[in-house]
Amino acid sequence: MRRRPRAGAAVPGFRTTPAPTTQKPQQQPTGLGLKAPNEFNLLGNNPQNEITLQKAALGSGLRGPELAQFLGQMKHESWNFERLKEQPKGQDYFERRYGVKHAPKTASILGNKYPGDGERYHGRGYVQLTGRENYRRAGEALGIDLLNQPDLAAKPDIAAKIAMWYWNSRVKPRVKNFADTAAVTKTINPALRGLEDRDANFKDYMRLV
């Protein structure tokens, strides 16, 4: 299980100073305990990464338990928003885990078919997008050349778009009750790894939405 902050702990609000303007400021979407424009209640360890994802989620219309579940799942997948790239564990880790030579069954599921695909298309972004086929589908849906530039998936703004694409196309159609963390987790990690942490994250965010 990935290490998480102490239960209920919140990173202090992160404020950005808006540029001077004579126009009336746009109203911020409600939810997540937003207290004022550009002020957020945060639960992760990287305010900038979390704010980027919160803005994408709120802008896409996520609210209530769905919003809390989305952020809780992404918080777990990205190691409390600290890592947008999967960390290798030893030499040739990605090829041993996802490559056609060392892990042909997994490679086939992920659409990896050429030597080096395991390394090239390892986990990136908030949702840890993995595999040639997932990069292809996400890239086509978003109009971004992720196949030839996979590192783009680790940029926070693009990672947020990928996370929303994954949620809307892979998770939402298969979940009836977003308060059911196990049901949601099955669409992201069928083995239910980290279920306890994911559910704790969900409950933490439910106190803010």
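The values are calculated or read from the model by the stated rules, or taken from the named source; none is laboratory data. Note that the structure is predicted; figures quoted are calculated from it, not measured. With ideal geometry, Cβ positions are generated from the backbone for all residues, glycine too; neighbour counts draw on all protein chains shown. Ligands, DNA and RNA are stripped out before the accessible areas are found, and what is left, the full protein with its side chains, is counted by its heavy atoms. Shrake-Rupley method; radii C 1.70, N 1.55, O 1.52, S 1.80 Å.
Look at segment 40-67: where a residue is under 18 Å from LYS155 (Cα atoms) and a partner is among the basic types (Lys, Arg) and open to solvent by less than 40 Å² (accessible area, probe 1.4 Å), sitting 6+ places away or on another chain with Cβ atoms under 6 Å, you get GLY44/LYS75. Can you find a residue that is at pLDDT 95 or above, open to solvent by 30 Å² or more (accessible area, probe 1.4 Å) and under 30 Å from GLY116 (Cβ atoms) anywhere in segment 193-208? Looking through segment 193-208, at least one residue is at pLDDT 95 or above, open to solvent by 30 Å² or more (accessible area, probe 1.4 Å) and under 30 Å from GLY116 (Cβ atoms). When restricted to residues that are over 30 Å from MET206 (Cβ atoms), acidic (Asp, Glu) and part of a loop (DSSP other than H, G, I, E, B), segment 73-103 contains 1. The single condition from (1) at pLDDT 95 or above; (2) surrounded by 17 or more Cβ atoms within 10 Å (Cβ to Cβ); (3) assigned to a loop (DSSP other than H, G, I, E, B) that GLY61 fails is (2). Would you pick out the residues in segment 146-192 that are closer than 23 Å to GLY44 by Cα, part of a loop (DSSP other than H, G, I, E, B) and open to solvent by 20 Å² or more (accessible area, probe 1.4 Å)? Across segment 146-192, the qualifying residues are LYS155, PHE178, ALA179, ASP180, ILE188, ASN189, LEU192. Would you tally the residues in segment 104-131 being within 22 Å of ASN46 (Cα to Cα) and not in a loop (DSSP other than H, G, I, E, B)? Of the residues in segment 104-131, 2 are within 22 Å of ASN46 (Cα to Cα) and not in a loop (DSSP other than H, G, I, E, B).
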